[in-house]
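Peer 1: What follows is a single structure, and I will ask about it in a moment.
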Amino acid sequence: MGAEDLFAQFFGGGGGFGGMFGGGMREQGPKKARTIHHVHKVNLEDIYRGKVSKLALQKSVICSGCDGRGGKEGAVKSCTGCNGSGMKTMMRQMGPMIQRFQTVCPDCNGEGEIIREKDRCKKCNGKKTVVERKVLHVHVDRGVKNGHKIEFRGEGDQMPGVLPGDVVFEIEQKPHARFQRKDDDLFYQAEIDLLTALGGGTVIIEHLDDRWLTVNIAPGEVITPGAIKVIKGQGMPSYRHHDFGNLYIQFDVKFPEKDQLKNLELLEQVLPTRAEQTQPPQDAMIDDFELEDVDSSEYSQARAHGAAGSMDEDDDDVPPGAERVQCASQ
Ligand SMILES: [Zn+2]
Ligand SMILES: [Zn+2]
């Protein structure tokens with residue numbers, strides 16, 4: 001890069017300095033107007049199917065009334081106070097020393113040029129730019145990731161003498177009521193009743209594209225609480241590919257209420273026999289107990305005061321078998 005280019009970068013353009021360039025100057029290359037950032041919130045359905053969002057933004061464009069000069073030909077004069085640089089070197093007495101410092105030129109407010117009131121462009125009032133509404137078509141591609149950035153180069157603010165800025169949209173995926181997403185996989189919580197968990201049945205899941213999935217649980221499959229199963233290929237479409245992630249289903253098994261049970265003795269024919277418990281020795285003292293329901297406020301008090309904070313530590317609530325084992329070992 002030649003010396004001329006360097007100078008062109010530092011002094012070129014004729015655009016004003018001072019607060020007009022966001023985010024600092026680029027390391028190299030010509031100056032550019034600030035980038036407009038916007039977070040575009042999208043729901044999971046739209047990411048699944050893909051869509052085009054029409055987004056309107058307000059941006060500065062070069063005034064067509066004066067072609068960005070601020071006034072008619074010849075009306076724009078370089079500021080004499082700062083020789084058109086927009087900055088002025090001032091001096092200040094600091095005790096025995098004289099301090100030199102740079103400040104924004106007060107005559108032209110850092111613009112480097114002055115237009116007489118009557119010569120100002122009527123359309124932009126001498127500002128050289130006007131604010132315009134622009135609609136951009138943002139392609140939300142299928143399977144796009146949260147945080148993905150879509151860039152429109154040169155669609156941002158325009159200013160005289162500098163390159164137009166960019167517009168950047170960042171995709172933000174909104175939380176979903178039914179699904180959670182991790183990369184291309186979806187996670188779904190399904191509540192099933194005990195009969196379905198043991199005897200089989202159907203789980204119906206509303207997907208993201210108007211389809212409803214009927215998921216069959218085979219009789220005897222035995223879905224335990226918290227069990228995770230997968231339906232392959234029913235996750236999110238992968239970004240710019242044609243394959244799909246998986247749909248993981250975690251099951252919550254809802255047990256029946258007390259009074260919903262009937263013919264309980266028939267369970268003996270269905271379920272495996274009761275697990276064997278440690279039997280007390282022949283000479284052990286045996287006490288019989290019945291379980292009671294727990295008063296929830298009493299329970300939380302017991303937990304708060306209990307040394308280990310666990311019901312199992314409370315002698316009264318230990319199942320009879322365990323109690324006797326404890327006694328016997330003393
Ligand atoms: Zn104008
Ligand atoms: Zn000036």
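Peer 1: May I ask you to verify whether Ser85 is assigned to a loop (DSSP other than H, G, I, E, B) and either within 16 Å of ligand 1 (Cβ to nearest atom) or surrounded by 17 or more Cβ atoms within 10 Å (Cβ to Cβ) (or both)?
Peer 2: On the way: assigned to a loop (DSSP other than H, G, I, E, B): yes; either within 16 Å of ligand 1 (Cβ to nearest atom) or surrounded by 17 or more Cβ atoms within 10 Å (Cβ to Cβ) (or both): yes.
Yes.
Peer 1: Pro281 is checked against (1) more than 43 Å from the chain's Cα centre (by Cα); (2) open to solvent by less than 60 Å² (accessible area, probe 1.4 Å) and fails just one. What number does that condition carry?
Peer 2: (2)
Peer 1: Of everything in the range 22-38 that's modelled with pLDDT of 60 or more and either on the phi > 0 side of the Ramachandran plot or open to solvent by 90 Å² or more (accessible area, probe 1.4 Å) (or both), which residue is nearest to the chain's Cα centre (by Cα)? Break it down stepwise before answering.
Peer 2: At the first step, the residues of the range 22-38 found to be modelled with pLDDT of 60 or more are 28-38.
Checking which are either on the phi > 0 side of the Ramachandran plot or open to solvent by 90 Å² or more (accessible area, probe 1.4 Å) (or both) leaves us with 28-29, 34, 37.
Numbers: Gln28: 32, Gly29: 33, Arg34: 24, His37: 15 Å.
Checking each candidate, the answer is His37.
Peer 1: I'd like to know if the range 128-137 contains one or more residues that are outside any strand (DSSP E or B), within 16 Å of ligand 1 (Cβ to nearest atom) and open to solvent by less than 30 Å² (accessible area, probe 1.4 Å).
Peer 2: Restricting attention to the range 128-137, the residues satisfying the condition of being outside any strand (DSSP E or B) are 128.
Still in the list and also within 16 Å of ligand 1 (Cβ to nearest atom): 128.
From what is left, the residues that are open to solvent by less than 30 Å² (accessible area, probe 1.4 Å) are 128.
Yes: the range 128-137 contains one or more residues that are outside any strand (DSSP E or B), within 16 Å of ligand 1 (Cβ to nearest atom) and open to solvent by less than 30 Å² (accessible area, probe 1.4 Å).
Peer 1: What about Asn109, is it in a loop (DSSP other than H, G, I, E, B), within 45 Å of the chain's Cα centre (by Cα) and either without any contact (Cβ under 8 Å) to a residue 24 or more places away in the chain or within 16 Å of ligand 2 (Cβ to nearest atom) (or both)? Can you show your working first?
Peer 2: Working: in a loop (DSSP other than H, G, I, E, B): yes; within 45 Å of the chain's Cα centre (by Cα): yes; either without any contact (Cβ under 8 Å) to a residue 24 or more places away in the chain or within 16 Å of ligand 2 (Cβ to nearest atom) (or both): yes.
So Asn109 fits the description; yes.
Peer 1: Any residue that is open to solvent by 30 Å² or more (accessible area, probe 1.4 Å), in a loop (DSSP other than H, G, I, E, B) and basic (Lys, Arg) - is there at least one of those in the range 166-183? Please lay out each step first, then the result.
Peer 2: The initial filter retains those residues of the range 166-183 that are open to solvent by 30 Å² or more (accessible area, probe 1.4 Å), namely 170, 172-178, 180-183.
Adding the requirement that they be in a loop (DSSP other than H, G, I, E, B) leaves 174-178, 183.
Restricting the remaining residues to those that are basic (Lys, Arg) gives 174, 178.
Yes; the residues of the range 166-183 include at least one that is open to solvent by 30 Å² or more (accessible area, probe 1.4 Å), in a loop (DSSP other than H, G, I, E, B) and basic (Lys, Arg).
Peer 1: Moving on. Mind checking which residues of the range 149-159 are of a type outside the set (D, E, K, R), part of a loop (DSSP other than H, G, I, E, B) and crowded, with 18+ Cβ neighbours inside 10 Å?
Peer 2: Our first condition is that a residue be of a type outside the set (D, E, K, R); within the range 149-159, this holds for 150, 152, 154, 156, 158-159.
Of the ones still in play, those that are also part of a loop (DSSP other than H, G, I, E, B) are 154, 156, 158-159.
Those that are of a type outside the set (D, E, K, R), part of a loop (DSSP other than H, G, I, E, B) and crowded, with 18+ Cβ neighbours inside 10 Å: Gly156, Gln158, Met159.
Peer 1: Which of the residues belonging to the range 287-297 are loosely packed, with under 10 Cβ neighbours inside 10 Å and assigned to a loop (DSSP other than H, G, I, E, B)? Don't jump to the end; show me each part of the working.
Peer 2: Just the residues of the range 287-297 that are loosely packed, with under 10 Cβ neighbours inside 10 Å, to begin with: 287-288, 290-293, 296-297.
Asp287, Asp288, Glu290, Leu291, Glu292, Asp293 - these are the residues of the range 287-297 that are loosely packed, with under 10 Cβ neighbours inside 10 Å and assigned to a loop (DSSP other than H, G, I, E, B).
Peer 1: Only residues that are within 16 Å of ligand 1 (Cβ to nearest atom) and among the small types (Gly, Ala, Ser): list them for the range 28-70, please.
Peer 2: Those that are within 16 Å of ligand 1 (Cβ to nearest atom) and among the small types (Gly, Ala, Ser): Ser60, Ser64, Gly65, Gly68, Gly70.
Peer 1: Got at least one residue in the range 73-83 being within 16 Å of ligand 2 (Cβ to nearest atom) and within 42 Å of the chain's Cα centre (by Cα)?
Peer 2: The answer is no; no qualifying residue exists.
Peer 1: Kindly indicate the residue of the range 202-221 that is open to solvent by less than 70 Å² (accessible area, probe 1.4 Å) and over 36 Å from the mean Cα position of the chain (by Cα) and also modelled with the lowest pLDDT among those meeting that condition.
Peer 2: The selected residue is Gly220.
Peer 1: Limited to the range 114-127, what total is found for residues that are part of a loop (DSSP other than H, G, I, E, B) and either within 16 Å of ligand 2 (Cβ to nearest atom) or touching a strand residue (DSSP E or B) at 6+ places or on another chain (Cβ under 6 Å) (or both)?
Peer 2: Of the range 114-127, the ones part of a loop (DSSP other than H, G, I, E, B) are 116, 121-127.
Going one step further and asking which of them are either within 16 Å of ligand 2 (Cβ to nearest atom) or touching a strand residue (DSSP E or B) at 6+ places or on another chain (Cβ under 6 Å) (or both), we end up with 116, 121, 124, 126.
The total comes to 4.
The values are calculated or read from the model by the stated rules, or taken from the named source; none is laboratory data. Predicted model only: the values in this text are computed from it and were never measured. Please note: Cβ atoms are built from the backbone with ideal geometry, for glycine as well, and neighbour counts cover all protein chains shown. Areas reflect the complete protein model, heavy atoms only, side chains present, ligands, DNA and RNA absent. Shrake-Rupley method; radii C 1.70, N 1.55, O 1.52, S 1.80 Å.
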